[in-house]
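Written below as structure tokens is the structure these notes are about.
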Amino acid sequence: MTDSRQRVYLVTGGAGFIGSNFIHYMFNKYDDEIFLINLDKLTYAGNLKNLSDIEKRDNYRFVRADICDREAVSKIFKEYDVDRVVHFAAESHVDRSIKDPEVFVRTNVLGTATLINCVKEAWQKEDGSFLEDHRFLHVSTDEVYGSLDEPKEGQEPDYFYETTPYDPHSPYSASKASSDFIVKAYVDTYSFPANITNCSNNYGAYQFPEKLIPLVIHNALSGKSLPVYGDGKNVRDWLYVMDHAKGIDMVLEKGKPGETYNIGGHNERQNIQIIKTILDTLLELLPEDDDRRGNVSYDLITYVTDRLGHDRRYAIAPDKIKSEIGWEPDTCFEDGIKLTVKWYLENEEWVKDVTSGDYQKYYEEMYEN
Ligand code: NAD
Ligand code: TDX
């Protein structure tokens, strides 16, 4: 049972990459001051091993459920007085959304609609207002804003602001944009106490190796080719995952109800630069007598067919979260990438576990050309 002094969090998708890092961040910061319920369906992307050190805590509970399952979600609100909902659960991989869009609509759109309605029912009072100091945070992405051009010589670069019109291109970003609009509709229609955060590309421990950074680390260590889409010059804006976790916690505590905040650390890199930095870092960190060192080579870099509808450049303007909330990232890319590569070097078992079975099949189909 919860202690009445503890603030109660419901986290959805807490067994995934960012969700599990967020849960670690929260217990490190708040320890016994919080009670946290993690609701996750455990798709291919959810892994309870990410939380093995948390499992035995008295102030943590895992519920295996689908966010589309109204009854399962409502049951949690009958059992617990939840103060904060942090909504990570989603299908998150752009390439998968191109192959199989429907599950993205189901989880990201219908799932968010089901979840937010259950929360509204639990938090709304008879007069239509909401319980004091309750907050729903919808975790979203910079991809909803579309794609930016590369700055031309002598021109100031463009950035994504909270006011930038939505212009999603992939089935993934379209489904995230739709879910953002559902949350915005609840804010505008019911004065529902929500915030949306739109964050740039995350990297760090526990990221599934279908995403660029862990895929490159994993392939390089096993001497497999490193697939670069198109000309390799697409730009992503990278943020260390613990800085994202810190931003979410700060928005929950200091954000104005109904507001959107962009989260990013001004760290734009071309994909090819990222791949080369990973290879440099592997060669720097791997001891001379480590068998895996012989596999790591710049010759593994292989240009492959471009992603369909591949957005050219993402770049977040984090001015609002800095000025209104005081958030700034703590970890620069040089340190973050070292921490990340080191984590993957020390956690090969984790990678082996998640890359067996279904993932193997996906990988073969995805990169067959
Ligand atoms: P992830 O794919 O690693 O994890 C998603 C988690 O959600 C998994 O644990 C999965 O089991 C769970 N899940 C999926 N469908 C579910 C369902 N129907 N019901 C309950 N649980 C379900 O994703 P991630 O990279 O950790 O992303 C988390 C959130 O952050 C997503 O909403 C994503 O759009 C957003 N985001 C991600 C990034 C990034 O760079 N990874 C950047 C910005 C925003
Ligand atoms: O094998 C690859 N080769 C390659 O060149 C892969 C997997 C990716 N890429 C490129 C595509 C992108 O330009 O690298 C870049 C990063 O790709 P992903 O890691 O798939 O991330 P991205 O598509 O940018 O989306 C990510 O950031 C925003 C997350 O997956 C989303 O959930 C988040 O919203």
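No lab work stands behind these numbers, since they all come straight from the coordinates. As the structure is a computational prediction, the values presented were derived from the model and not from experiment. Please note: Cβ atoms are built from the backbone with ideal geometry, for glycine as well, and neighbour counts cover all protein chains shown.
Tabulated results
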{"quantity": "Global geometry of the stretch 49-121, whether rounded, prolate or oblate, following the gyration tensor of its Cα atoms and the 1.5 cut on a/c", "calculated": "oblate"}
{"quantity": "222 nm mean residue ellipticity, helices alone, for the chain (DSSP H n ≥ 4; -39,500 (n - 2.57); rounded to 500)", "calculated": "-11000 deg cm²/dmol"}
{"quantity": "Distance between the stretch 1-71 and the stretch 329-355 - C-alpha centres, whole angstrom", "calculated": "21 Å"}
{"quantity": "For the stretch 185-332, share of DSSP beta bridges that run antiparallel, in % to the nearest 5", "calculated": "20 percent"}
{"quantity": "Interchain or long-range residues, amide H under 5 Å from residue 85's placed H", "calculated": "10, 135, 136, 137"}
{"quantity": "Which of 39, 212 has the fewest Cβ neighbours within 10 Å, and the rest in rising order", "calculated": "212, 39"}
{"quantity": "Under 19 Å from the Cα of residue 322 - aspartates and glutamates, other chains or at least 8 residues apart", "calculated": "142, 158, 162, 237, 243, 249, 253, 259, 268, 330"}
{"quantity": "Between the stretch 216-260 and the stretch 271-328, the alpha-carbon center distance in angstrom", "calculated": "10 Å"}
{"quantity": "Calculated Rg and Dmax of the stretch 228-322 using C-alpha coordinates, Å", "calculated": "18.0, 55"}
{"quantity": "Segment residue 352-residue 233, length gained on full extension (0.36 nm per residue, minus Cα span)", "calculated": "39.8 nm"}
{"quantity": "Packing-based exposure ordering (other Cβ within 10 Å, fewest first) of 118, 332", "calculated": "332, 118"}
{"quantity": "In the stretch 184-270, lysine pairs with alpha-carbon atoms under 28 angstrom apart (chain gap of 8 or more, or interchain)", "calculated": "9"}
{"quantity": "Volume per residue that the Cα convex hull of the chain spans, once the total is divided by residue count, Å³", "calculated": "140 Å³"}
{"quantity": "Where labels lie 7 Å past Cα in the beta-carbon direction, separation of residue 75 and residue 191 in nm", "calculated": "3.4 nm"}
{"quantity": "Sites residue 99 and residue 64, calculated FRET efficiency, Cβ-Cβ separation with R0 41 Å, nearest 0.05", "calculated": "0.95"}
{"quantity": "The stretch 302-318 - phi-based ³J(HN,Hα) in whole Hz, Karplus 6.51/-1.76/1.60, Gly and Pro as x", "calculated": "10, 6, 10, 3, 5, 5, 4, x, 4, 4, 6, 8, 10, 7, 8, 9, x"}
{"quantity": "Nearest-ten-degree value, helix 333-346 long axis tilted from longest Cα axis of the chain", "calculated": "80 degrees"}
{"quantity": "Burial ordering of 304, 11, 296, 85, fewest other beta-carbon atoms within 10 Å first", "calculated": "304, 296, 11, 85"}
{"quantity": "Shape category assigned to the stretch 317-369 from the gyration tensor of Cα positions, a/c cut at 1.5", "calculated": "prolate"}
{"quantity": "Built amide H within the under 5 Å cut-off of residue 201, gap 5+", "calculated": "237, 239"}
